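See below for the structure under consideration.
The values are calculated or read from the model by the stated rules, or taken from the named source; none is laboratory data. What you see is a predicted model; the values in this text were computed from it and never measured. Quick reminder, even Gly has a Cβ in these numbers, built from the backbone with ideal geometry, and neighbours come from all protein chains shown. All accessible areas refer to the heavy atoms of the entire protein, side chains included, with ligands and DNA or RNA removed. Shrake-Rupley method; radii C 1.70, N 1.55, O 1.52, S 1.80 Å.
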Amino acid sequence: MNLELTPEQVAKSVSAAYDSVNLIAELTAKPSLTEEETDTLSRNKEHIKIMLEKDWFAAALTPEQKSELEAI
């Protein structure tokens, strides 16, 4: 299936990935996590991993963004 995404849709996907980045940073800064927070952290890390595997998503990132997301 060939997905045709508009530049706006791609930008929203990048923005959503950075919502995950911000949440990951917030949760990892906590001294301890609840079970729900641990699950949320895992889901958001997986979201980043899945998105990086999409060619159209990776192509939309700057080299700095790609490095930052790969480091998660």
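Quick notes on this structure:
- Taking the range 1-49 as the range and being open to solvent by less than 60 Å² (accessible area, probe 1.4 Å) and among the charged types (D, E, K, R) as the test, only GLU37 passes.
- For the range 50-64, taking the residues that are under 10 Å from the mean Cα position of the chain (by Cα) and surrounded by 13 or more Cβ atoms within 10 Å (Cβ to Cβ), the one that is nearest to SER13 (Cα to Cα) is identified as MET51.
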